[in-house]
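Visitor: Submitted below is the structure of interest, expressed as structure tokens.
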2 protein chains.
Amino acid sequence: MSEDRIRNMDEFAALCGISRPTISKYFNNPNSVRASTRDRIEAALREYDYRPNIYAMNQNRRLTKNIGIVVPYLADPFFAEIARVIERRCIDAGFTPTLFSSHGEQSQENAILDTLRSLRPAGVLLAPLGRASSKKHVEEFCRDVPTILFDSNIEGVGAAFVGSDNFSFVSQTVEYLSRTGSAPCFFEMRNPANPNANKRRDAYLEMMRRLDLEPHLVQIDGNGWGFEEIGRAGALKVLQQDLLPTDTVLCSNDRLAIGFLSACHELGIRVGREEGCTIRVASHDDHPYSRFTCPSLTTAAHDYEAVSDHAVETLFRLIDAGGRPDKREETQFAARLIMRASA
Amino acid sequence: MSEDRIRNMDEFAALCGISRPTISKYFNNPNSVRASTRDRIEAALREYDYRPNIYAMNQNRRLTKNIGIVVPYLADPFFAEIARVIERRCIDAGFTPTLFSSHGEQSQENAILDTLRSLRPAGVLLAPLGRASSKKHVEEFCRDVPTILFDSNIEGVGAAFVGSDNFSFVSQTVEYLSRTGSAPCFFEMRNPANPNANKRRDAYLEMMRRLDLEPHLVQIDGNGWGFEEIGRAGALKVLQQDLLPTDTVLCSNDRLAIGFLSACHELGIRVGREEGCTIRVASHDDHPYSRFTCPSLTTAAHDYEAVSDHAVETLFRLIDAGGRPDKREETQFAARLIMRASA
DNA sequence: TGTTATATTTTACGCGCGTCAAAATTATAT
DNA sequence: ATATAATTTTGACGCGCGTAAAATATAACA
């Protein structure tokens, strides 16, 4: 191991006995050079730990190897988890992912997109804020940067959308609940931040219609991304004032349900399907904590893997195609019902 | 608004009627140019939305304006939350933070540090994996890059450490629990990943000694960062085999406690200080979900703000001082006891 | 008004690498 | 062995900006 550090690609090329342009080619795509050449470079790489200067590299490349990952709210373990999987895939494909969280604020989302634009990424995987997004800002961004939307869709924006099929989520929970007990009411925020919430409400209404059951929406107040607290406060109010039309509650998402369960416990209301329980609660998302709630939460699970994989694959294809999609595709994956103790 | 986009600083300088080096100076530090000059630049900036090329900028700057934030496990909302606060502070100070998660794996932590090194950041805020960190790797990194350790300490590594005072956490919970009921046993992982866990165990033993009470360690098996599941499995075993030496349990951290509460519910054991409850559970961290557990969790809270602020401030001072600290400081903030329903 | 300290302009060079074209070399096929 | 294709080398230029030194302009002050 030679002790004097290598300052640039010229020096490294000299040590390899290979010309600099070839080294440059190698770093751009190791498979673009002859196998024997590749071996020599990689041998030298092991001996002298040289890494090309990223800034100089990216300065003149038409496209960097960066990929931006943007989620609306990283303190939600659901997004943390999906970001982790996506990150892994990007690294394995030779890209450099960078993770951003909008923290539930439009100004942040806009700032992130501006920053990303100047990073000139090869592509971006964006889970937008939804209702709180500046559609115009996102739209303009997507015109300049190859972008795949995931989790929540914005009609016509981005090269593709990959997410979950909200109807599949709700139809399974509604069917299960009404088959095994009384039909559920639907517990949700009156003005949800996330557009999936609206789709879920519609799916609930549609399913109840199909089953010829009377729908009941229980809509609670609250703004922002503190869903647990919103759910808890809403549930306290609804339960104390005895406004619940049925003894079965289907929450729009798990975080609301976590708050709902918390309120039930506080009021001494037993939840579950065992005898002695007066209420059943189910929900959607399979939030990482949903199996640790008391009781554990019956829910409809995202196919994390499928969504992550397909989003990443779609982005890679888009990048390979030079950033221009043939046409905008929307892919939605079905849910998997997970029966636990709460319903 | 002129429609032809500005390609570089030369063009922008021409439009401003100001020389390029002055523009460069402005972007490096807006306060380093005369107020009248600054106004002219900012007026032009509003008219033509020019942004300097980051790659070209960083290529020759001795120091970039980047700050790396590394956390061990982003799916833990505790870290997501602290990262959010730190991020905000960095942006406000004119830096560009980048967030990384080691996802509980040493190989990832090492890879992140390597990546960070080549980003040549002005400074790094690192919450290391702890026991799972490669001390050598981290040490070498800290020699090259101004780094503040936070959350968990590695003796002698980095320019400073900012965290919470584990003794303050445990002393308050132990004192409270033994004053208001029977003395607690200490529920923890046998081989905790996080070094704070060891400090907490020591603090528990020391506090019990001071209060002249007999300590009981309840150590459970499990590896990795899935603390809730580890806590749940451990609690099930302990409770079913009736191995609990007291009716008061102090968990090493909230995530274990969440698992513990889940197990209690599953076994029909009522937790809390109300009558009819057979067990009390308390914990440490004030995890974002601890107020939504059933029952809500009595815990000792980190001073998030203080830790974040002080870590960031320390880093900024370090950067101003050219990266060389006078001497390594360790700062630890006291906990605040939060009494809820579980104990 | 002259003097001094501070800011800005001019000029010029360099950073580390991408990329291109033409020439030289190597590998593969016939 | 020869023709052909694929790869590498050589040499050169440019990217967009940092930065240094010297010349000039501006502001502050006596």
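Here, each number is a calculation from the coordinates, and none is a lab measurement. Computed from a prediction, not measured in an experiment: that's the story for all the values here. In this analysis, Cβ positions are derived from the backbone assuming ideal geometry, glycine residues included, and neighbour counts consider all displayed protein chains.
Visitor: Separation between the B:Leu15 and A:Arg210 pseudo-spin-labels, each 7 Å from Cα along Cα→Cβ, expressed in nm?
Guide: About 5.4 nm, to one decimal.
Visitor: Which of rounded, prolate or oblate describes the stretch B:188-240 when judged by the alpha-carbon gyration tensor and an a/c cut-off of 1.5?
Guide: It is oblate, given that a/c is not under 1.5 and a/b is not larger than b/c.
Visitor: Continuing with the same structure: Under 1.5 on a/c is rounded, so check that first for the stretch B:150-243, then, if it is not, pick prolate when a/b is larger than b/c and oblate when it is not; a ≥ b ≥ c are the square roots of the alpha carbon gyration tensor eigenvalues.
Guide: Judged from the Cα gyration tensor, the stretch B:150-243 comes out oblate (a/c at least 1.5, b/c at or above a/b).
Visitor: Normalised by the number of residues in the stretch A:37-113, what is the relative contact order in percent for Cα pairs under 8 Å and 6+ residues apart?
Guide: 30 percent
Visitor: Determine ³J(HN,Hα), in whole Hz, for all residues of the stretch B:182-197 in sequence, where each value follows from phi through the Karplus function 6.51 cos²θ - 1.76 cosθ + 1.60 and θ = phi - 60°; x replaces Gly and Pro.
Guide: So the J values, rounded to whole Hz, are 6, 5, x, 8, 10, 9, 7, 7, 5, 10, x, 6, 9, x, 4, 4.
Visitor: Could you pull out every residue, at least 5 positions away or on a different chain, whose amide H is within less than 5 Å of the one on A:Phe333? Hs are placed 1.01 Å off N in the peptide plane, and Pro or chain starts have none.
Guide: When sequence neighbours closer than 5 places are left aside, the close amide H contacts are A:Gly163, A:Ser164, A:Asp165.
Visitor: Would you please give the FRET efficiency between A:Arg7 and A:Ala306, computed as 1/(1 + (r/R0)^6) with r the Cβ-Cβ distance and R0 = 41 Å, to the nearest 0.05?
Guide: According to the calculation, E is roughly 0.35.
Visitor: Tell me, for chain A, which Cys residues have no other cysteine's C-beta sitting closer than 4.7 Å.
Guide: A:Cys16, A:Cys90, A:Cys142, A:Cys185, A:Cys251, A:Cys264, A:Cys277
Visitor: If you don't mind, there's one more thing I want to ask. Restricting to DSSP H runs of at least four residues, report the calculated mean residue ellipticity at 222 nm for chain B, -39500 (n - 2.57) per run over all residues, nearest 500 deg cm²/dmol.
Guide: So the calculated ellipticity at 222 nm is -14000 deg cm²/dmol.
Visitor: Could you please state, rounded to a whole Å, how far the C-alpha centre of the stretch A:142-201 is from the C-alpha centre of the stretch B:287-335?
Guide: So the separation of the two Cα centres works out to 37 Å.
Visitor: Using a label position 7 Å from Cα in the Cα→Cβ direction, what is the ascending list of nm distances from B:Asp10 to the same site in the other copies?
Guide: 2.2
Visitor: Taking a label point 7 Å from Cα toward Cβ, how far is A:Val85 from its twins in the other copies, in nm, shortest first?
Guide: 3.1
Visitor: Related question: Label 7 Å along Cα→Cβ of A:Thr115; the stretch A:88-107 residues with amide nitrogen under 11 Å?
Guide: Only A:98-103 fall inside the zone, counting backbone N under 11 Å.
Visitor: Starting from a label point 7 Å past Cα on the Cβ side, list the distances from B:Asp39 to the same position in the other copies, nm, shortest first.
Guide: Nearest to farthest, the other copies are at 7.0 nm.
Visitor: Identify the trypsin sites (Lys or Arg not before Pro) of the stretch B:97-136 meeting these criteria: DSSP loop state and at most 16 other C-beta atoms within 10 Å of the C-beta.
Guide: Those satisfying the criteria are B:Arg131.
Visitor: If you keep only loop residues by DSSP, which GluC sites (Glu not before Pro) in the stretch B:248-280 have at most 14 other Cβ atoms within 10 Å of their Cβ?
Guide: Those satisfying the criteria are B:Glu274, B:Glu275.
Visitor: Can you tell me, using C-alpha contacts under 8 Å and at least 6 residues apart, the relative contact order of the stretch A:108-154 as a whole percent?
Guide: Relative contact order of the stretch A:108-154: 50 percent.
Visitor: Now, a different point. Using the Karplus curve 6.51 cos²θ - 1.76 cosθ + 1.60 with θ = phi - 60°, what ³J(HN,Hα) values do you get for each residue of the stretch A:92-101, in whole Hz, with x for Gly and Pro?
Guide: 4, 8, x, 9, 10, x, 10, 9, 10, 10
Visitor: On to the next question. Using a 10 Å cut-off on Cβ to Cβ distances, tally the other chain neighbours for every residue of A:288-297 and report the average as a whole number.
Guide: Mean partner-chain Cβ count within 10 Å for A:288-297: 6.
Visitor: Roughly how far apart, in whole Å, are the Cα centres of the stretch A:1-73 and the stretch B:88-138?
Guide: 22 Å
Visitor: I'd like the Karplus ³J(HN,Hα) series for the stretch B:223-238: coefficients 6.51, -1.76, 1.60, θ = phi - 60°, whole numbers in Hz, and an x wherever there's a Gly or Pro.
Guide: The phi angles translate into 10, x, 10, x, 4, 4, 5, 4, x, 5, 4, x, 5, 4, 4, 4 Hz.
Visitor: Say R0 is 22 Å: what FRET efficiency, to the nearest 0.05, do B:Lys135 and B:Asp202 get from their beta-carbon distance?
Guide: 0.60
Visitor: In addition: Loop-only GluC sites (Glu not before Pro) in the stretch A:146-231, please: DSSP not H, G, I, E or B, and at most 14 other Cβ atoms within 10 Å.
Guide: Those satisfying the criteria are A:Glu155.
Visitor: If one takes the longest principal axis of the Cα atoms in chain A, at what angle in degrees, from 0 to 90 and to the nearest 10, does the Cα axis of helix A:106-119 lie?
Guide: The angle comes out near 20 degrees.
Visitor: I'd like the orientation of helix A:254-266 relative to chain A: the angle between its Cα long axis and the longest Cα principal axis, in ° from 0 to 90, rounded to 10.
Guide: Value to nearest ten degrees: 40.
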